[in-house]
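Participant: Quick one: the structure is below, and I'll ask about it shortly.
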Amino acid sequence: MSIKPGFSKDEEQLLKQIAASVIPPSTERSLPGADDEEVFQRLYSNTTDALNSLLNAFHELLESEGGISAASHWKAEKFNDWISNQIESWPAQSHVFFKLFFPLIIRAYYKDERVHKAYNRRPGPPFPEGYELSDEDWGLLEEVRGRPSLYKSCD
């Protein structure tokens, strides 16, 4: 099933391969990968405005590799080397495609009901009920509290 009429099978295949590289399935927790059909449909339905920009950036990224049709026929080793280099350069040196795609696929993945259940969270947004945080969770903020201010003073 194509994510949108007009998307080629090669485009969809490569996008799903990249998504699975970002978040692979977990058999240990019975979790889908980010290439799961439900996750991918959520990606599409939540990002219709950004899809043209995403696909233009995708085509631009793969131009130097011979285009999407060439990249879709890469052997697993070549794809793994290529995606590893892309992920390692994230975010400072990464191509605009990855700066667009990674946050979108991560957001779509973590909205999945199966993911919420695996982490003992009820599906849906945390509000209005919120979630209980144990005391040890607050220690995770110490590094952030120690950072200098990121905004200008109004003085």
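The values are calculated or read from the model by the stated rules, or taken from the named source; none is laboratory data. Because the structure is a prediction, the values reported are computed rather than measured. A quick note on method: Cβ atoms are made from the backbone with ideal geometry, for glycine too, and the neighbour counts reach across all protein chains shown.
Participant: What number of residues within region 22-52 satisfy the criterion of being under 13 Å from the mean Cα position of the chain (by Cα) and of a type in the set (A, V, I, L, M)?
Facilitator: The qualifying residues number 5.
Participant: Looking only at region 12-41, which residues are without any contact (Cβ under 8 Å) to a residue 60 or more places away in the chain and closer than 21 Å to Asn56 by Cβ?
Facilitator: Hits for region 12-41 are Glu12, Gln13, Leu14, Lys16.
Participant: Let me ask another. For region 110-130, how many residues meet the condition of being outside any helix (DSSP H, G or I) and within 26 Å of Glu28 (Cα to Cα)?
Facilitator: Taking region 110-130 and keeping what is outside any helix (DSSP H, G or I), we get 111-112, 119-130.
Still in the running and within 26 Å of Glu28 (Cα to Cα): 111-112, 119-126.
Number of matching residues: 10.
Participant: Every residue in region 89-109 that is surrounded by fewer than 15 Cβ atoms within 10 Å (Cβ to Cβ) and in a helix (DSSP H, G or I), please.
Facilitator: If the condition is that a residue be surrounded by fewer than 15 Cβ atoms within 10 Å (Cβ to Cβ) and in a helix (DSSP H, G or I), then Val96, Lys99, Pro103, Arg107 are the ones that fit.
Participant: Something else now. Counting only residues that are touching a residue at least 24 places away in the same chain (Cβ under 8 Å), in a helix (DSSP H, G or I) and either touching a strand residue (DSSP E or B) at 6+ places or on another chain (Cβ under 9 Å) or small (Gly, Ala, Ser) (or both), how many does region 71-83 have?
Facilitator: Count: 1.
Participant: Oh, and also: Please go through (1) under 18 Å from Tyr110 (Cβ atoms); (2) modelled with pLDDT under 90; (3) surrounded by 12 or more Cβ atoms within 10 Å (Cβ to Cβ) for Ile83 and return the number of the only condition it doesn't satisfy.
Facilitator: Of everything listed in (1) under 18 Å from Tyr110 (Cβ atoms); (2) modelled with pLDDT under 90; (3) surrounded by 12 or more Cβ atoms within 10 Å (Cβ to Cβ), Ile83 misses just condition (1).
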